[in-house]
Structures are given as C-alpha cells and as structure tokens.
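The structure under discussion appears below in the form of structure tokens.
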Amino acid sequence: MKTIGEIISKYRDRSDLIDLLSEVQEEYGYLSEDNMRIIEQSLDIPLVDIYGVATFYSSFKLNPAGRHIIRVCKGTACHVKKADMIEGVLDDLLGLRDKQTTEDGRFTLELVNCIGACAKAPNIMIDDKVYGELTKEKAERIIKEFTGQ
Amino acid sequence: MKKLSEYVDTEKGAKELAGDRVTVGVATCGISAGAGETLKALQDANLGVLVDPVGCSGACYNEPIVTVKQGGVYSIYSHVTKDKAQKIVDAVKTGKICGELFTAHGLTEMDYYKKQQRIVMENCGLINPLSIEQYAACGGFKGLLEALLLEPKEVIDVMKDSRLRGRGGAGFSTGVKWSFVLGKTGKKYLICNADEGDPGAFMNRIMLESDPFKVLEGMMIAAYAIGADEAFIYMRLERPLSIRMMQKAISLLGEKHLLGENILGKEGYNLKIRVKKGAGAFVCGEETALMNSIMGQRGYPRPRPPFPAEKGLWDKPTIINNVDTMANVATIMKIGLDRYKKIGTEKSRGTKTVCLTGNVKRPGVIEVPFGISLKEIVYDIGGGTPDGTKFKAVQMGGPAGGCIPASLMDLPLDYEPLTAAGAIMGSGGVVVMTDRDCMVDVARYFMSFTQKESCGKCTPCREGTLRLLEILERLTDGSGKKEDIELARKLSIFIRDSSLCGLGQNAPNPILSTMKYFMDEYVQHAEQKTCAAGVCKNMLTYVITDKCVGCGNCARICPVAAISGKLKTKYAIDDEKCIKCGECMRNCAFKAIEKKSTP
C-alpha cells in the first residue's frame, strides 16, 4: 500500500487536486479527515478548498466504502428498460440501497447516471466490469455468483 | 517537414489489415456481452492467423461480434459468446462458414448499415484501436499532414468553409470559434470535452474506445490551427475503458515522437496532451464548469461573457471542442472539402453519430448524414419497436432535450427543425419509446436526474428543479391535482428563462415538450388517476382472469401474501395488500394475470 506521502509527492500543483484526491481514494477507499489535513499541510491548500472539492464531486467518499462497488445504471435507456427491477434485486439479496455498504464491508451500492452501455440496457457495473441485457433472473445470478451466496 | 513513414511503420499496419485476420469487438458494449472471454478463447486457440481486438462497429445489438477474414472474404458473426467460440475456431480451421452464427459478408450487406454513411466512424470496429500502424495504414494522420502544409489561418478557413458545427449540442461553427483566438499571442489552450454525461449518449465513448488516434489527430490539427501548445482531454470517470485507451494512445504518440516539439519536423509546432479525469459531476460538461474542474476547483459554471476564447483556463484564451467535433476535423482534412460538402444539408454539413437506444429492435451507434428523417433512423436502421408494442415517441438530446411524437417522424435530423419541434439535437441520443412508456414518468425521470445534478449555484435551478420534481412525483403517484399541470408549466418557463447555465435553462425541456405533445397523459394522471402505459404503480391494479387454472403458483411467489384461493379454482389478488411488483404476472405460466390502469 502506498503511503499518503508517497501519493502526495507525485502532485505539485493546485490544479492536480482532483487527480490527487482520486488516487488517495483509490488507495484508501475513501477520503479521511486525517488524509485531507495532511494534503492541506503538504501542498498548502486550505482545508476548506479540499473539503469543497471532495463534497462537490459525487465520486468522492468521506466514509469507508466496500471493497467492491456495484453500480446500477440509471440512464434513460436503462430507465425505459425497467432498471428499477435491478435495484430491487440488490435490496433483496444484499439489503443495499443507494450509497449503502454491506456490514462485512465487501460491497457498496451506487446508483449512477449513465455508464454508456445503453444499447445493452439495463446494465450494472461491478468494479470496472459491465454486465448488460439484464433480466431479474440474470441479475440475481450475477450478484449471487459474485458474492458467493 | 518529415514523412510519416519516418515515425510510423505504415507498411506493418497495411500488411496486418491485408492478411487473414480474426477480430473481436471489445469496446464496453462488447465486453458487457462477454467479448473479453471470447477474445481470450480465440487467442488461446492457435488459429495461425492474427487475432486482433477491435473497437465497436456500432451494431451493439449483435455483440459479441467476431469478424473472420480469410482469402479476402469477410464473414461477420454475431452473439459469439465464449461457449460458441469453438464454432468460430472450427470455421477458421476448415475455412468454412459457420451458418449458425453468420450474419453477413460485410457491413454494407446489413440493413442496419444501408442508410448509414460512415466517414467519422470509418475505422471503428475495423482496426485495432491501439495500433498506430493500422491507423496510419487507413489514412490516419493524412489530415494532419494536409493541415501542416497550410498556414494556421488557412486551416481555420477550411473549417469555416466546411461549415462544421460543434457536435456537443449547440451546433456553433467550429471555424468561427477557432477564429476568435487567431490574433491572440501568448499562451493558449485547447480542450477536448469528453465529459459525455447525457444518459443515452455514448457515441464519444465508442470513438474513444474504437479509434482514439482519430480524436487525437483532430486535436493535433486544432492545436496547430489555434496556436496552442498544451491540450487537455477531459474525461468522464464512469468510462474507465475510454480513459485507459486514451492514456495509452497518447503515450504511444509520444513514443513515436508525434507529440512533443517540432512535430513531424514542422518548426515551432509543439504540443503536449494530457488526460484530465472528472470526478462525477454532470454540470462539468458545461464549458466554464469544465474549466474550473480542470483547474482543480469545484465544477461551478460562471456567466458568459467572457467566453473561454477570451478568458479560459488560467485566464488564457482557450478553445473547447467536443470529441465528435475533433474526429470530424480530422475527417474533413483527410477527405477534403469537395467530398465533405456533398454530405448532409446546406446548413448542416457532414454526418452525425447517433445513439439509438430504448425500445427498438436494433440498438447501437449509427452515423448518418444530416437531413435523414427520424423515421428512417427508427425503422430502416433500428428495425422499429419490439413486437407487440406501438411506437409512440423518440426522446432526443438527453435531459436537456425533448420528445418528438410518432406523428412528426418525417422531421429531418438537423439542428433547427428539431429545436422548432421542442427537442434538440444535443449530443445525439435517440431513445425510442412505445405505448408501454409513460410520458409523465419520463418527464419525472429526467427531472430527478437534473435535480440531482444541479450544482446549486443559482436559485432557479437549485430550488426550481426540486419543486418541479415534487409536482411530477405527485402526478405519477396519483396524488396530483389538475392545477399541478399549469403550475409545472409556469415554473418550467421561469426556470428556463432565469437559470445561469445550460443545465438549468434546458432542464424544463423534457416537461414542456411532453406537455406539448402528450397533454392528454398529464390530464389522465391528474384527473382520472390512470396511467395508460401501465408504468405508474399507484395507478395499476393486477387482476386474475378466467384463464386461471388454479395452480397456486402466484400465491406462493407473491412476496406480501396478497394472493389467495383454493387449488384448481380461480385465485384472487387483494389490491389493498398488493405492492404492484408484477412478480405474479411474470411467473404465471397461463398468462392469466393482467395489469389494468383503472384505479
């Protein structure tokens, strides 16, 4: 695991703040107050600016997230192809709603705008992989396989 | 100036493309259908021919797609999942065609492509996206070389003369935009806006994943024309594959010394290109918000003027163009004005990439000349709506766009006619809707999207969209009143006229356009409390018909025990307990359960 100092050392410029925060989150799963304070001191960026950026963009998390992120696409094509049903599957199988994490810390659910695989709607994305043309049964199978239920 | 062959082994690329070859489409759509496993299976099979990953040819409905080229004959195979890969292996080894998976001997044989005209997407799905040699062999960098023979101002004149309009949505002349920075000296920046955030639009993703060098070539031409030595491509975090492809493509260009200083031996032509990742904010597609985000700030928009060409990144003159525009720039310089001018309409020349999705038989990405009718797009290319449904409308232009009803399907695909009809061209997303889609629900869906994505800076958008959403939620959950319709309409106009940026100004469009064409549905929701499409749950009743044989399956499935009855007699649903999940209807083997929209 990279230390916070190692990550910060790669970024010098105020304009790199979003890239820096993204990498910190990639490594630690979320942006802790401690880490944001270290960034403040190392790069001389006011904490309020760091916090401002961290709370503006939806991908930044201020609380620990699960090791795997399950994203349910809420794009237009998915909506007309009844993506609501997939939210129901995740609620049934994992007891998760938007931005919630399972108790064992393995999975976090995020409802996202559009992952851009509209022709295969409805879609979900687990970590970086997209699963398309889902039916209720297919979604259940994928989630069960992935979670080992 | 130096020759391209001093930098890129074009012959190697030409040889690869000319020989026998098996390709698998592994863009995001393909991967979601399992193309990654198919590619691996074919690579592991020792076929004795080149097995190449390619991007997406746009026919997403056929993924995973494998194309075999043997002895100069192409065979396109569809739906080749891993378990069917062996059939392709057998076909290649025996030199025969696998009839079961066979689709066509070339794209032009397929109905899907017959009305398309592919000049921007010409390489998509055909070349290995990360093979700079194959790109060059297909005429890549020809446009750049042509541009470098001209003075920067002459390149801008070519763009003006081509009448290329920005493909990001507004349709402003690219050449005119570039000319704004012409006389300015000192540092200038170029930005390629790849923050493709409209739900239902993924043409940029297809370009970035399938032909990244074409986008980069367009940027190289643009940077030369406007005199920028530093460029950014701002990309959407939710598209990880696009980001990886673009980063690799940029580093390959660097390795070949096609980025850096005195590029191609042209004295003083210097350029570096950097990928900047967004962090999940729809408003950052707006150019002033995007620039703030590149500078590491909150992605707030600001009033214009000053426009970016005056005061952009770090207050320096900045030109921002969309991915599709950049690819068009490279295309125009490559094929020349004479050929380009013959495509499209007088006012809007060239082609438009369009994402065709929703309830249509053949969803995917298409490239069509401006002026083609919407009917041709939905029926001739898309194959119409799924069996048993009736076509109702297309939604165009994403959350800023509007709906166009079936009765106006003769409208041409062009900026002005679409705007006049209450929709917009936008980025070019076309979502097909049928009699099973509720237009009030669609308006509610878009409003929930915009409301969440409102950055909160200006009051009309921040507060107004929330109130609009509340009204639409009332209308769709059955608690709406007749007055709500007029209230929503008035508020919509107010938000449109008083918001700071495009996000708020266009947010009411989905409501206003559905009211224009589907007012009857609003009235039904508000007054009769019915939803004819059967979408709004609170207005539905599930009933068991006389087809019921009394098997009792539905009673066992029902999650809330709302169904009761005696075996071998007709069962009944208690509407009070029913949560309208539809499980009983989906699982009834005798199709004895129907949903009705009367309360």
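Helix A:17-28 sits at what angle to the longest principal axis of chain A, using alpha carbons and giving 0 to 90 degrees rounded to 10?
Result, in degrees: 60.
For segment A:68-147, count all C-alpha to C-alpha pairs, find those more than 23 Å apart, and express that count as a whole percent of the total.
Details: 274 of 3160 pairs.
Everything past 23 Å amounts to 9 percent.
Would you kindly state how much longer the chain becomes between residue A:144 and residue A:47 on full extension, computed as 0.36 nm times their sequence separation minus their alpha carbon distance, in nm to one decimal?
Result: 30.7 nm gained on full extension.
Write down Rg/Rh for the protein assembly as shown, rounded to two decimals, with Rg from the C-alpha atoms and Rh from the Kirkwood relation over Cα pairs. If you can, show how the numbers build up before the last one.
Numbers: Rg = 26.4 Å, Rh = 27.2 Å.
That ratio is 0.97, to two decimals.
Can you give the FRET efficiency to the nearest 0.05 for residue B:185 and residue A:15, using r as the Cβ-Cβ distance and R₀ = 35 Å?
Using R0 = 35 Å, I get an efficiency of 0.90.
Multiply the residue gap between residue B:262 and residue B:570 by 0.36 nm, knock off their C-alpha separation, and tell me the result in nm, one decimal place.
102.6 nm
List the lysines whose alpha-carbon lies under 19 Å from that of residue B:375, not counting same-chain residues fewer than 8 positions away?
Cross-link targets: B:114, B:115, B:352, B:361, B:390, B:392.
Could you check the simple spin-label distance between residue B:577 and residue B:459, using points 7 Å along Cα→Cβ, in nm with one decimal?
About 5.1 nm, to one decimal.
Beyond 19 Å between alpha-carbons counts as too far, so tell me which of A:81/A:136; B:481/B:596; A:82/B:595 fall in that bin.
B:481/B:596
Take the alpha-carbon centre of segment B:141-175, take the same for segment B:446-478, and report the distance between them in whole Å.
What the calculation gives is 39 Å, centre to centre.
With equal scatterers on the alpha carbons only and no solvent term, can you work out the Debye log10 of I(q)/I(0) for segment B:540-596 at 0.21 1/Å?
Results for segment B:540-596 at q = 0.21 Å⁻¹ read -0.66.
Across every pair of different alpha-carbon atoms, what Kirkwood hydrodynamic radius in Å does chain A reach?
Value: 16.7 Å, from the Cα pair sum.
Please give the charge dipole size of segment A:4-56, origin at the Cα centre, charges +1 on K and R Cβ atoms and -1 on D and E Cβ atoms. Round to the nearest 20 debye.
My answer is approximately 100 debye.
Quick one: compute the contact order of segment A:1-117, relative version, from alpha carbon pairs under 8 angstrom and 6+ residues apart, as a percent.
Contact order relative to length: 22 percent.
Across segment A:4-56, what fraction of all alpha-carbon pairs, as a whole percent, falls in each successive 10 Å bin from zero upward?
Answer for segment A:4-56: a P(r) of 26, 68, 6 percent.
With angles folded into 0 to 90 degrees, how steeply does helix B:323-335 sit against the dominant principal axis of chain B? Use alpha carbons for both and round to 10.
The angle comes out near 50 degrees.
Using all Cα-Cα distances in segment B:420-552, what percent lands in each 10 angstrom bin from 0 up to the longest?
Going from the shortest bin to the longest, the percentages are 12, 40, 30, 11, 5, 2, 0.
Quick check: the distance between the Cα centres of segment A:92-149 and segment B:300-317, to the nearest angstrom?
Distance between centres, Cα-based: 40 Å.
Please report Rg (one decimal) and Dmax (integer) in Å for the Cα set of segment B:204-283.
13.0, 40
On C-alpha positions alone, give me the angle between the axis of helix B:439-453 and the longest principal axis of chain B, in degrees, nearest 10.
Between helix and principal axis, roughly 50 degrees.
Tally Lys/Arg at +1 and Asp/Glu at -1 over every other residue whose Cβ is under 15 Å from the Cβ of residue B:205; what's the total?
-3
What does chain B give for Rg and for Dmax, in Å, if only its C-alpha atoms count?
Using the Cα atoms of chain B, the pair Rg, Dmax is 26.4, 89 Å.
Roughly how many nanometres apart are two label points built 7 Å out from the Cα toward the Cβ at residue A:104 and residue B:304?
5.1
How large is Rg/Rh for segment B:351-434, to two decimals, with Cα atoms and a Kirkwood Rh?
Ratio of gyration radius to Kirkwood radius for segment B:351-434: 0.92.
Report the dimensions of segment B:37-109 along its three principal axes from the alpha-carbon atoms, largest first, rounded to Å.
Principal-axis extents of the Cα atoms in segment B:37-109, largest first: 29, 25, 21 Å.
Taking 45 Å as R0, compute the FRET efficiency from the Cβ-Cβ separation of residue A:127 and residue B:498 and round it to 0.05.
Efficiency for this residue pair is about 0.60.
Pull up the DSSP beta bridges for the protein assembly as shown and report the antiparallel fraction as a percent, rounded to 5.
Within the protein assembly as shown, antiparallel bridges account for around 55 percent of the total.
Extension gain residue B:157-residue B:481, at 0.36 nm per residue separation less the Cα-Cα distance, in nm?
Details: separation 324, 0.36 × 324 = 116.64 nm, distance 5.66 nm.
That works out to 111.0 nm of additional length.
Relative to the Cα centre, what is the charge dipole magnitude of the protein assembly as shown, using +1 at the beta carbon of each Lys and Arg, -1 at the beta carbon of each Asp and Glu, and rounding to the nearest 20 debye?
Details: 100 positive and 94 negative charges, 209 e Å.
About 1000 debye.
Aspartates and glutamates within cross-link reach of residue A:10: Cα-Cα under 16 Å, excluding same-chain residues under 8 positions apart?
A:19, A:23, A:26, A:27, A:40, A:44
Using a cut-off of 13 Å between beta-carbons, work out the net charge of the residues near residue B:111 (Lys and Arg +1, Asp and Glu -1, residue B:111 not included).
With Lys, Arg at +1 and Asp, Glu at -1, the neighbours total +1.
Any read-out appearing in this document is the output of simple, stated calculations on the displayed coordinates, not a laboratory observation. Since the model is a prediction, treat every value here as computed from it, not as a measurement. Reconstructed Cβ throughout: ideal geometry from the backbone, glycine too, with neighbour counts over all protein chains shown.
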